[in-house]
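Down below is the structure, laid out as structure tokens.
The values are calculated or read from the model by the stated rules, or taken from the named source; none is laboratory data. Quick caveat, the model's predicted, so the values are computed rather than measured. As a convention, Cβ positions derive from the backbone with ideal geometry for all residues, glycine included, and neighbour counts pool all protein chains shown. Note: accessible area is taken over every heavy atom of the protein model, side chains too, but ligands, DNA and RNA are not part of it. Shrake-Rupley method; radii C 1.70, N 1.55, O 1.52, S 1.80 Å.
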Amino acid sequence: MSKPPRFDLLLVLLFTVIALASNSVTATPITQQFKEAPQFYNSPDCAVLVDEDESDGEASILCSDQAVHVAMTLDTAYIRGSMAAILSVLQHSSCPQNIAFHFVASATANATFLRATISSSFPYLNFRVYPFDDSSVSRLISTSIRSALDCPLNYARSYLANLLPPCVRRVVYLDSDLVLVDDIAKLAATPLGDDPVLAAPEHCNANFTTYFTPTFWSNPSLSLTFANRKPCYFNTGVMVIDLDRWREGDYTTKIEEWMELQKRIRIYELGSLPPFLLVFAGNIVPVDHRWNQHGLGGDNFRGLCRDLHPGPVSLLHWSGKGKPWARLDANRPCPLDALWAPYDLLETPFALDS
């Protein structure tokens, strides 16, 4: 017997028709349709976070200290990558029902549409969508070397402590162009010690001076920012963040102060990363490199194919210009894009016709 059509899937299809019929050019419609992912269950040794009789179990998990909290941005341009990332997190988790997803979307986006898209593929997902006021950061953004880096939503990671409810005390932030091949609970459990606000894989062999302009380094009042620190590059696409400490230290304001200076004096070229480095580099907890095998999208200009860094892999990250779904669609994939493809939930035209 065939299954009756799901209401949320019908809602996605309805919004797709409306979006295609609209003449608006202010937003990119989601024209893709996605398959429903399998349901994933906790292993027997997982903590029980919701009683069977509890009426609003999703809400309790979204505020539970025992849950693994994951924050991601959500938009139409990267929705296909987001769906793959979510699937990879669930598939490799030993306690997938204990994961709470916190999605940040532009306040001008169609949140109902985005919510229905997620629900149609992940009917049992514990998640909430939070609106992000683009205007709060747009005035601070300076043009960078790649236009995609100038999107206001790219800066939402700096505002997580304000956007997420106070009951969420620690979160794993993930970009949308990655997949996990290991249990995210291991990353989420990274000890942060007594003072650090965040943890991320550091790359101390990278030439740190290249992330800032000669104007920055030639000005002692600026370059002395890193005095008494041993700053190393870290990629902000994978971070474990203590939101309590972030709130207590008002680190959003600290980041905004550097962005305001950048509007007056050109001190960096690379989007939202340099303000994070200015505030945190040298003061983070280093995480094993296996948790961010980044750069698989190539550089910011040509997006050429790259190999994995030496060592084990827990997370593959297509940072850079080249995205695996775009290269696969163009029939010009890089060898490592084949590792992303199994998590792609996009419905093919053949599957839609059948």
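Points worth noting:
- The chain, accessible surface, carbon-and-sulfur percent (1.4 angstrom probe): 54
- Remark: the stretch 318-335, residue by residue, has Karplus-estimated 3J(HN,Hα) of 8, 5, x, 6, x, 10, x, 5, 5, 5, 5, 5, 7, 6, 10, x, 7, x Hz, where x stands for each Gly or Pro and the curve is 6.51 cos²θ - 1.76 cosθ + 1.60 at θ = phi - 60°.
- With contacts taken as Cα pairs under 8 Å and at least 6 residues apart, the chain reaches a relative contact order of 19 percent.
- For VAL68, the accessible surface of its heavy atoms amounts to roughly 20 Å² (probe 1.4 Å, protein chains only, rounded to the nearest 10).
- Summarising the amide proton neighbourhood of TYR130: residues at separation of 5 or more, or on other chains, whose placed amide H is nearer than 5 Å comprise PHE103, VAL104, ALA105.
- Residues whose amide H comes within less than 5 Å of that of ALA71, counting only those at least five positions distant or on another chain, are HIS102, VAL172, TYR173, LEU174 (H built at 1.01 Å from N in the peptide plane).
- When all alpha carbon pairs of the stretch 269-332 are counted in 5 Å bins from zero, the resulting P(r) reads 4, 15, 18, 21, 21, 14, 4, 2, 0 %.
- Taking all protein chains together, ASP134, ASP65 sort by accessible area into ASP65, ASP134, largest first [probe 1.4 Å].
- Helix axis angle, 251-264 relative to the chain longest principal axis, alpha carbon, degrees: 60
- In Å, descending, principal axis extents of the Cα set of the stretch 202-296: 36, 32, 26
- Per-residue SASA entry for TRP217, accessible area with 1.4 Å probe, Å² rounded to 10: 80
- Candidates GLN66, GLN293, GLN91: whichever shows maximal mean-square fluctuation once the chain is modelled as a Gaussian network with Cα springs under 10 Å: GLN66
- For the chain, the longest principal axis of the Cα atoms and the long axis of helix 111-121 meet at an angle of about 60 degrees.
- For the chain, a simple Cβ point-charge model (Lys and Arg +1, Asp and Glu -1, everything else neutral) yields a dipole of about 1240 debye relative to the Cα centre.
- Sorted peptide list for 219-225, 113-119, criterion being average Cβ within 10 angstrom, highest first: 113-119, 219-225
- The listed residues SER218, SER136, SER93, once ranked by accessible area (1.4 Å probe) with the largest placed first, stand as SER218, SER136, SER93.
- Translational diffusion coefficient of the chain (Stokes-Einstein, Kirkwood radius from Cα pairs, 4 °C, 1.567 mPa s): 61 µm²/s.
- Of the whole protein surface, GLU257 contributes about 100 Å² of accessible area at a 1.4 Å probe radius.
- Ranked packing of 315-327, 202-214, most packed first, by mean Cβ within 10 Å: 315-327, 202-214
- Neighbourhood net charge (12 Å Cβ-Cβ; Lys/Arg +1, Asp/Glu -1) for VAL313: -2
- Of the residues ALA281, ALA227, ALA156, the one that moves most in a GNM of the chain with alpha-carbon contacts below 10 Å is ALA227.
- Highest-fluctuation residue, ALA188, ALA111, ALA338 considered, GNM on the chain with Cα pairs under 10 Å: ALA338
- Cysteines in the chain that, by Cβ-Cβ distance, have no pairing candidate under 4.7 Å: CYS151
- Residues ARG128, ARG245 ordered from highest to lowest accessible area at a 1.4 Å probe: ARG128, ARG245.
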